[in-house]
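**Student:** Take a look at the following structure, please.
Just so it is clear, none of the values below were taken in a lab; they were calculated from the coordinates. What you see is a predicted model; the values in this text were computed from it and never measured. Counting neighbours? That spans all protein chains shown, and the Cβs are built from the backbone with ideal geometry, glycine included.
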Amino acid sequence: MRILVTGAAGQLGIDLVAHCELHGDDVIGLDRAGLDVSDRSAVLGSVTTLRPDVIVNTAAWTAVDACEGDVDRAVRVNALGPRWLREAASLAGAHLVHISTDYVFDGMLDRPYHEWDEPNPQSVYGASKLAGEREVGQDACIIRTSWVCGANGNNMVKTILRLVREQPSLSFVDDQRGCPTFTADLAPMVRRLALDRRSGVHHVTNGGAVSWFEFVREIVAESGHDPAMVHPIATADLDPPRPAPRPANSVLDNAVLRLAAEPLLRHHREPLRELVAHLLA
Ligand code: NDP
C-alpha cells in the first residue's frame, strides 16, 4: 500500500507522514515545492509516475483572512487542486482522501453540525474548501476537522505560549465555539480511514467544545501561568475586525464515527497537555 501525502510540510502533513513511517507504510510526502497541487500537469505527472494506492490531500491555502483578498489563489489551491487530484487518482486507480474544514458551515445552528447538515460558508476560505469537497466527488473520503494544532507550523497553542511571555493580559473571543483538534490524534485517524478506503464525509475532531477564550485559558493554565490573565471579548468588539467572518458555532458532531461505533478521538485536554509539555521541554 503506497500512500502519497500532499502538503507534507504543513502541520497535519508532517505528522501524517511521520505516523505512516512509524507504521512501516510506503509513504511519500510531497511539500509545495515537490508538488504544487494547483498545477495540473505536475499533479498528473507525479501521480502517474509514483502510482500511489491512496492519496491524502492535506495541502491547502489555510490563511483564512488572506484568502478574502485573493479569491483566485484560494480557489486555485483549495478547489482546483482537488479537481486535478481527483483526475489523477482516477487515472492511477488511487483512492483519494481530502481534508476539509468546519468553516464550510455558517455557524448559526444551535447544535453541533453533523455530516448531513447543509454547508453555507461565510468566508472565501470556507467557500473555496467547500468547492474542493465538491471537486473530489462521491467516491473520495472527505475528512472535516477544526481548530488544528500540532508541534509544527502555526496554531493557537504556539501563539499563546509566545504571548504569555510577552503580554500581561490577553483578550480572546467568547462567542465562537469549536473543537480544538490535535494532529497527534488526527493523523492516526486519517491514516486509518485512508487505509480502509472510506468514502463520503467524516467529521473528525477531538472531544470537548470550547470558545477561543476558554481554549486560551486552558493553554495558559497548562503552561503554568495564571488563566485569570485571559479576558473574554465579543467578536463584534475585535479592533480591528478580522477580514474573514468565522462561524459562531463550528462544533462538529463526529456522527459517522459515532453511529458506526468507531472509536472517537480523546477530549482535547489530553493532547493539549502532551503538546504543551513537548513544546516547553
Ligand atoms: P498548513 O497551512 O499547516 O499546511 C498546509 C500545507 O499546504 C502548507 O505546507 C502549504 O505550504 C501547503 N500548500 C499551500 N499551497 C499549496 C499548493 N498549491 N500545493 C501544495 N501544497 C500547498 O495547514 P494544516 O496542516 O493545519 O491543515 C491541513 C488541512 O486541514 C487543510 O486542508 C486545512 O484546510 C484543513 N483544516 C485546517 C484547520 C486549521 O486550523 N489549520 C482547521 C480545519 C481544517 P506553504 O506553507 O508553503 O504555503
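**Student:** L275 - would you say it is surrounded by fewer than 22 Cβ atoms within 10 Å (Cβ to Cβ), part of a helix (DSSP H, G or I) and not acidic (D, E)? Full working, then the answer.
**Tutor:** On the way: surrounded by fewer than 22 Cβ atoms within 10 Å (Cβ to Cβ): no; part of a helix (DSSP H, G or I): yes; not acidic (D, E): yes.
Answer is no for this residue.
**Student:** Could you tell me which numbered condition H202 fails, if it satisfies all but one of (1) outside any helix (DSSP H, G or I); (2) farther than 22 Å from Q122 by Cβ; (3) free of Cβ contacts under 8 Å to residues at least 12 places away in the same chain?
**Tutor:** Unmet for H202, out of (1) outside any helix (DSSP H, G or I); (2) farther than 22 Å from Q122 by Cβ; (3) free of Cβ contacts under 8 Å to residues at least 12 places away in the same chain: (3).
**Student:** Here are E166, E135: which of them is over 23 Å from T6 (Cβ atoms) and not basic (K, R)?
**Tutor:** Details: E135 fails: over 23 Å from T6 (Cβ atoms).
Unique residue meeting the criteria: E166.
**Student:** Tell me, please, whether a residue that is among the polar types (S, T, N, Q), in contact (Cβ under 8 Å) with a residue 40 or more places away in the chain, in contact with a helix residue (DSSP H, G or I) (Cβ under 6 Å, 6 or more places away or on another chain) and not in a helix (DSSP H, G or I) can be found in the stretch 60-79.
**Tutor:** No: zero hits.
**Student:** Quick one: how many residues across the stretch 199-235 are of a type outside the set (S, T, N, Q) and either under 30 Å from R86 (Cβ atoms) or touching a His at 6+ places or on another chain (Cβ under 6 Å) (or both)? Write out each step before concluding.
**Tutor:** Going residue by residue through the stretch 199-235, those that are of a type outside the set (S, T, N, Q) are 200-204, 207-210, 212-222, 224-234.
Subsequent filtering for residues that are either under 30 Å from R86 (Cβ atoms) or touching a His at 6+ places or on another chain (Cβ under 6 Å) (or both) retains 200-204, 207-208.
Looking only at that region, the number is 7.
**Student:** From the list A140, A194, which one is of a type in the set (A, V, I, L, M), in contact with a Lys or Arg (Cβ under 8 Å, 6 or more places away or on another chain) and surrounded by 20 or more Cβ atoms within 10 Å (Cβ to Cβ)? Quick ask: steps written out before the conclusion?
**Tutor:** Numbers: A194 fails: in contact with a Lys or Arg (Cβ under 8 Å, 6 or more places away or on another chain).
Selected residue: A140, the only one of A140, A194 that is of a type in the set (A, V, I, L, M), in contact with a Lys or Arg (Cβ under 8 Å, 6 or more places away or on another chain) and surrounded by 20 or more Cβ atoms within 10 Å (Cβ to Cβ).
**Student:** Name, by its number, the condition in (1) surrounded by fewer than 24 Cβ atoms within 10 Å (Cβ to Cβ); (2) within 12 Å of the ligand (Cβ to nearest atom) that does not hold for V43.
**Tutor:** Failed condition: (1).
**Student:** For the stretch 81-122: of the residues being of a type outside the set (A, V, I, L, M), more than 13 Å from the ligand (Cβ to nearest atom) and part of a helix (DSSP H, G or I), which is surrounded by the most Cβ atoms within 10 Å (Cβ to Cβ)?
**Tutor:** R86
**Student:** Looking at the stretch 61-80, is at least one residue near the ligand (Cβ under 10 Å from one of its atoms) and under 20 Å from R192 (Cα atoms)?
**Tutor:** The answer is no, given that none of the residues of the stretch 61-80 is near the ligand (Cβ under 10 Å from one of its atoms) and under 20 Å from R192 (Cα atoms).
**Student:** Continuing with the same structure: Taking the criterion of being over 24 Å from D26 (Cβ atoms), of a type outside the set (A, V, I, L, M) and within 13 Å of the ligand (Cβ to nearest atom), would at least one residue in the stretch 165-178 satisfy it?
**Tutor:** Going through the stretch 165-178, the residues over 24 Å from D26 (Cβ atoms) turn out to be 165-178.
Among the residues that remain, those that are also of a type outside the set (A, V, I, L, M) are: 165-169, 171-172, 174-178.
If we keep only those that are within 13 Å of the ligand (Cβ to nearest atom) as well, we get 176, 178.
Yes, the stretch 165-178 contains a residue that is over 24 Å from D26 (Cβ atoms), of a type outside the set (A, V, I, L, M) and within 13 Å of the ligand (Cβ to nearest atom).
**Student:** Just to be sure before I move on: is V27 buried (at least 19 other Cβ atoms within 10 Å of the Cβ), within 22 Å of G93 (Cα to Cα) and within 13 Å of the ligand (Cβ to nearest atom) in the structure I sent?
**Tutor:** Values: buried (at least 19 other Cβ atoms within 10 Å of the Cβ): yes; within 22 Å of G93 (Cα to Cα): yes; within 13 Å of the ligand (Cβ to nearest atom): no.
Judged against the criteria, V27 is not a match.
**Student:** Determine, yes or no, whether V5 is within 13 Å of the ligand (Cβ to nearest atom) and either touching a Phe, Trp or Tyr at 6+ places or on another chain (Cβ under 7 Å) or part of a strand (DSSP E or B) (or both). Let's see the steps before the verdict.
**Tutor:** Working: within 13 Å of the ligand (Cβ to nearest atom): yes; either touching a Phe, Trp or Tyr at 6+ places or on another chain (Cβ under 7 Å) or part of a strand (DSSP E or B) (or both): yes.
For V5, the condition - within 13 Å of the ligand (Cβ to nearest atom) and either touching a Phe, Trp or Tyr at 6+ places or on another chain (Cβ under 7 Å) or part of a strand (DSSP E or B) (or both) - is met.
**Student:** Could you list, in sequence order, the residues of the stretch 125-147 that are within 22 Å of E87 (Cβ to Cβ) and among the small types (G, A, S)?
**Tutor:** If we filter the stretch 125-147 for residues that are within 22 Å of E87 (Cβ to Cβ), which is where we start, we get 127-143.
Listed by number, the residues that qualify are A127, S128, A131, G132, G137, A140.
**Student:** Right, another one. Inspect the stretch 234-241 for any residue being among the small types (G, A, S), in a helix (DSSP H, G or I) and either surrounded by fewer than 16 Cβ atoms within 10 Å (Cβ to Cβ) or out of contact with any Leu (no Cβ under 8 Å at 6 or more places or on another chain) (or both) and give the result as yes or no. Lay out the reasoning, then the answer.
**Tutor:** First, pick out the residues of the stretch 234-241 that are among the small types (G, A, S): 234, 236.
If we keep only those that are in a helix (DSSP H, G or I) too, we end up with 236.
So of that shortlist, the ones also either surrounded by fewer than 16 Cβ atoms within 10 Å (Cβ to Cβ) or out of contact with any Leu (no Cβ under 8 Å at 6 or more places or on another chain) (or both) come out as 236.
Yes, the stretch 234-241 contains at least one residue that is among the small types (G, A, S), in a helix (DSSP H, G or I) and either surrounded by fewer than 16 Cβ atoms within 10 Å (Cβ to Cβ) or out of contact with any Leu (no Cβ under 8 Å at 6 or more places or on another chain) (or both).
**Student:** Shifting gears a bit: Among (1) free of Cβ contacts under 8 Å to residues at least 24 places away in the same chain; (2) closer than 22 Å to G29 by Cα; (3) not acidic (D, E), there is one condition P121 misses while meeting the rest; what is its number?
**Tutor:** With respect to (1) free of Cβ contacts under 8 Å to residues at least 24 places away in the same chain; (2) closer than 22 Å to G29 by Cα; (3) not acidic (D, E), P121 is out only on (2).
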